[in-house]
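The values are calculated or read from the model by the stated rules, or taken from the named source; none is laboratory data. Since the structure is predicted, the reported quantities are computational estimates derived from the model, not experimental observations. For neighbour counting, all protein chains shown are included, and Cβ atoms are generated from backbone atoms with ideal geometry for every residue, glycine included.
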Amino acid sequence: MNTALIIIFVVILGSAAVGIFAGRKMKPSLENWTVGGRKFGIILIWLLMAGEVYTTFTFLGASGWAYSKGAPTFYILIYGALAYTLSFFILPAIWKIGKRFGLHTQPDFFVKRYDSQLLGVFVALIGFFSIIPYLQLQLAGLGMIVEVASNGAVSSRLAIGISFVLTCAFVYTSGIRGAAWVAVIKDILMIIAVAIVGIGVPVMYFGSFSKMLSVLMEKMPEYLVFPGSTSHMHVGWVMSTVLLTGLGFYMWPHIFGSAFSAKSAKTIKRNAIIMPLYQLPILLVFMVGFTAILVIPGLKNSDMAFLALVNKSYPSWFLGFVGAAGAVTAMVPSAILVLFASTLISKNVYKPLFNPRASEETIMRLSRLMVIVITTFALVLAIYFPNELVNLLILGYNGVCQFFPGVVLGLFWKRVSTAGVFAGLFVGVGVVAVLILSGNDPFLGMNAGFFGLLINAFVTIGISMKTKPAEWAIK
């Protein structure tokens, strides 16, 4: 295991050094720190956005769902393709508005479009409280990967602490540019690891993909048709979840804000065209989960399927390589999550509520300070309360999806009003919270978040028809 440990820590330290080095010539400004001076070309923006999307749960969650649930897992492939198609039409328009008005965050868009600081604060708070559990789970996933890959020689807590002190360091110094540079390393390692394992284990144990799937269909004929091994993930759940996640994919504050870092609207369009290529590694991860249920059935924790199969099938040094890839796969999205969470609090909550005259330098200093505060908070949650935020994470994803009507109607419908968007967002988030926290997800066979989104859209359009349109729309 010494070789595995060396590989893990060399990759983690090297990635952090690259992230810090990326900001060596960067002028310290909110523009450079948050959106990279809006200079990222097609390769860097592609790797950055993929770095946000493909996280530790590319290794753990997708293979774990394939192992434990079967057919419902395919919704992940569908909603990604839908989201990338949608981004071709909405992200270039968002980028143009961001460039024109110097926007840095998602709440900035709502403030400018609807001329309401209060709406911006509300959006920022929803975004912040959605990001925190997402960040906490990245930390927990990283700790799990490194602990298993080192065969217990490195504890989960130690791995989390070391990795995120280093992540905090390169976010503090380099901002989004550091995350983008580390994303290059992360994507290379992730694709190599997933390709070797995803292609290797079905061939190793069954001779080919087709033979592995034939054995799976013979032994578990219900596994690859809905609802798989579940009792509630029928076609209605799958379709509503695909629509919800596809429409809400780019509504996460950190993914939305990263679009501002592109150098042109054409770059965003080209990115939308090539992003579906990243669905191919996900398909290979599914194959690992399907192989694992045949080779090592009965795992208590299905999220361990990928690592358990690697541990069974490959030498320890390769498990170390997979652990290193998994660690960096957690560091990149975590860096971007921390960056945008800190900017939301400093620019979109602190400034409008407590110091409206705060200069950009003040906001920049506060944002950097909040990086340390938020990282520390997430570390505490990951170490001491690892299982306390599951409902909050589900609520978080379904919550940020409620931004969709306000964003899309704001781009393409002049009649939409501030009152309509505010009411729709409030009702949508409220409905989702009530349904999920009361245990009514799915509701009427549909994903609770999708049900909330339908009500949100209905309220937004209905009230907008009865109230004065937002000023910016009619200038």
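Checking Ser156, Ser174, Ser208, Ser163 one by one, the residue that is among the polar types (S, T, N, Q), over 20 Å from the mean Cα position of the chain (by Cα) and within 20 Å of Phe59 (Cα to Cα) is Ser156 and no other.
Please state which one of Phe110, Phe74 is over 18 Å from Gly248 (Cβ atoms), in the same structural domain as Ala265 (by TED's automatic domain parsing) and among the hydrophobic types (A, V, I, L, M, F, W, C). It would help to see each step written out before you state the result.
Values: Phe110 fails: over 18 Å from Gly248 (Cβ atoms).
Just one listed residue meets the conditions, Phe74.
If only one of Gly127, Gly120 is farther than 18 Å from Val371 by Cβ, in contact (Cβ under 8 Å) with a residue 60 or more places away in the chain and either in a helix (DSSP H, G or I) or among the small types (Gly, Ala, Ser) (or both), which one is it? Being farther than 18 Å from Val371 by Cβ, in contact (Cβ under 8 Å) with a residue 60 or more places away in the chain and either in a helix (DSSP H, G or I) or among the small types (Gly, Ala, Ser) (or both) holds for just one of Gly127, Gly120, which is Gly120.
Could you tell me how many of the residues in segment 108-167 are polar (S, T, N, Q), closer than 13 Å to Ala382 by Cβ and touching a Ser or Thr at 6+ places or on another chain (Cβ under 9 Å)? It would help to see each step written out before you state the result.
To start, the set of residues in segment 108-167 that are polar (S, T, N, Q) comprises 116-117, 130, 136, 138, 150-151, 155-156, 163, 167.
From the residues that got through so far, the ones that are closer than 13 Å to Ala382 by Cβ too are 136, 138, 155-156, 163, 167.
Keeping just the survivors that are touching a Ser or Thr at 6+ places or on another chain (Cβ under 9 Å) gives 138, 163, 167.
Count: 3.
The residues of segment 346-364 that are hydroxyl-bearing (Ser, Thr, Tyr) and touching a helix residue (DSSP H, G or I) at 6+ places or on another chain (Cβ under 8 Å), listed by number, are Ser346, Tyr350.
Every residue, every condition in (1) small (Gly, Ala, Ser); (2) closer than 29 Å to Thr167 by Cβ; (3) buried (at least 24 other Cβ atoms within 10 Å of the Cβ), yes or no:
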| site | (1), (2), (3) |
| --- | --- |
| Pro276 | no, yes, no |
| Pro281 | no, yes, no |
| Val285 | no, yes, yes |
| Phe290 | no, no, yes |
| Lys300 | no, no, no |
| Ala305 | yes, yes, yes |
| Trp317 | no, yes, no |
| Val328 | no, yes, yes |
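One residue is enough: does segment 371-379 have a residue meeting the conditions without any contact (Cβ under 8 Å) to a residue 40 or more places away in the chain, hydroxyl-bearing (Ser, Thr, Tyr) and in a helix (DSSP H, G or I)? Yes, that holds for at least one residue.
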